[in-house]
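The values are calculated or read from the model by the stated rules, or taken from the named source; none is laboratory data. Keep in mind the model is a prediction, meaning the values are calculated, not measured. Quick reminder, even Gly has a Cβ in these numbers, built from the backbone with ideal geometry, and neighbours come from all protein chains shown. Note: areas computed on protein heavy atoms with side chains; ligands, DNA, RNA excluded. Shrake-Rupley method; radii C 1.70, N 1.55, O 1.52, S 1.80 Å.
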Amino acid sequence: MKENSKAAIIEAAVFLFNHNGFNGTSIRDIAKKARTNVANISYYFGNKNGLLEHCLTEYYEAYLLEIEKGYSILENGATESLKAIVENIIYFQYENIQLTRLIVREMSIDSQIVREIMSTYLTKERFYFSKVFEKGFKNKEFRINTANYLILQLKSLLTMPFLNSQYVAEVLHLLPHEKYFADKYIRETYTWIDRVVCSSNQTRKLKANLLRIL
């Protein structure tokens, strides 16, 4: 870990926030872990709240980019777009598993910064998801349903393994930090899309296409 670097401070903060909690971590703890001094943390982030806000903002900026990549192919069909979004998000969370765990946990706490994130980034996330589902309904790719309830189910599928990674590892004996898990979980989430979200006609088309490939 490089001394006196911004990246080292963020890495140390994410580790300590995950292990000791935000309130259980002091600026001095972060400085010690990052092998820097408190003045550097103040220079980059102002205070501990500023450091957490930076983590949240940087995370959701990158997270939305992954959604936008999948949304950009919506003209190819809602199913293809939704699956691309799912794949992008799961790989992004797997590659940033410690930060993801911190972010999704902090987002469950009512605070000013969380409300700001919801009114900006998560509102935009809802816009993209809604547009994909609405196109799927219109094109009869998806069963007629309520977009908000599908978003709720999808969000649960996407966040649960990373929010509860210790439960997943210790009780279910699955390892979210391994690429094998990400690959397998993407396929499992595709199955949810095919069986729950897609219409019966779309499911038959997907099976026929798969058989032709095989």
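Is one or more of the residues making up segment 87-94 modelled with pLDDT of 95 or more, assigned by the TED database to the domain that holds VAL114, open to solvent by 20 Å² or more (accessible area, probe 1.4 Å) and aliphatic (A, V, I, L, M)? No, segment 87-94 contains no residue that is modelled with pLDDT of 95 or more, assigned by the TED database to the domain that holds VAL114, open to solvent by 20 Å² or more (accessible area, probe 1.4 Å) and aliphatic (A, V, I, L, M).
Kindly establish whether PHE127 is surrounded by 15 or more Cβ atoms within 10 Å (Cβ to Cβ) and either touching a Lys or Arg at 6+ places or on another chain (Cβ under 6 Å) or of a type in the set (A, V, I, L, M, F, W, C) (or both). Walk me through it before giving the result.
Details: surrounded by 15 or more Cβ atoms within 10 Å (Cβ to Cβ): no; either touching a Lys or Arg at 6+ places or on another chain (Cβ under 6 Å) or of a type in the set (A, V, I, L, M, F, W, C) (or both): yes.
So PHE127 fails the test.
Would it be correct to say that GLY77 is modelled with pLDDT of 95 or more and of a type outside the set (Ser, Thr, Tyr)?
On the way: modelled with pLDDT of 95 or more: yes; of a type outside the set (Ser, Thr, Tyr): yes.
When the stated conditions are applied, GLY77 passes them.
Of the residues making up segment 137-186, those that are more than 25 Å from ASN18 (Cβ to Cβ) and in a loop (DSSP other than H, G, I, E, B) are ASN139, LYS140, GLU141, ARG143, ILE144, ASN145, THR146.
Residue check: is THR100 open to solvent by 40 Å² or more (accessible area, probe 1.4 Å) and within 19 Å of LEU56 (Cα to Cα)? No; evaluated as a whole, the condition is false for this residue. All of (1) farther than 17 Å from ILE103 by Cβ; (2) modelled with pLDDT of 95 or more; (3) among the charged types (D, E, K, R) hold for LYS155 with one exception: (1). Looking at SER119, SER108, just one residue is within 27 Å of PHE181 (Cβ to Cβ), surrounded by fewer than 19 Cβ atoms within 10 Å (Cβ to Cβ) and among the hydroxyl-bearing types (Ser, Thr, Tyr), and that residue is SER108. Which residues, taken from segment 1-54, are open to solvent by 20 Å² or more (accessible area, probe 1.4 Å), of a type in the set (Gly, Ala, Ser) and over 25 Å from GLN112 (Cβ atoms)? Answer for segment 1-54, where residues must be open to solvent by 20 Å² or more (accessible area, probe 1.4 Å), of a type in the set (Gly, Ala, Ser) and over 25 Å from GLN112 (Cβ atoms): SER5, ALA7, ALA39.
On the given criteria, is TYR167 assigned by the TED database to the domain that holds GLY136, free of Cβ contacts under 8 Å to residues at least 60 places away in the same chain and open to solvent by 20 Å² or more (accessible area, probe 1.4 Å)? Yes.
Within segment 71-85, residues that are polar (S, T, N, Q) have Cβ atoms under 6 Å from residues that are modelled with pLDDT of 95 or more and in a loop (DSSP other than H, G, I, E, B) in these pairs: THR79/GLU141; SER81/ILE73, counting only partners at least 6 apart in sequence or on another chain. Number of residues in segment 170-193 that are open to solvent by 70 Å² or more (accessible area, probe 1.4 Å) and either of a type in the set (Asp, Glu) or not assigned by the TED database to the domain that holds GLU87 (or both): the value is 3. Restricting attention to segment 33-58, the residues that are over 27 Å from LYS124 (Cα atoms), β-branched (Val, Ile, Thr) and in a helix (DSSP H, G or I) total 2. One residue stands out in segment 195-205 among those that are assigned to a helix (DSSP H, G or I) and surrounded by 16 or more Cβ atoms within 10 Å (Cβ to Cβ): the one that is modelled with the highest pLDDT, namely VAL197.
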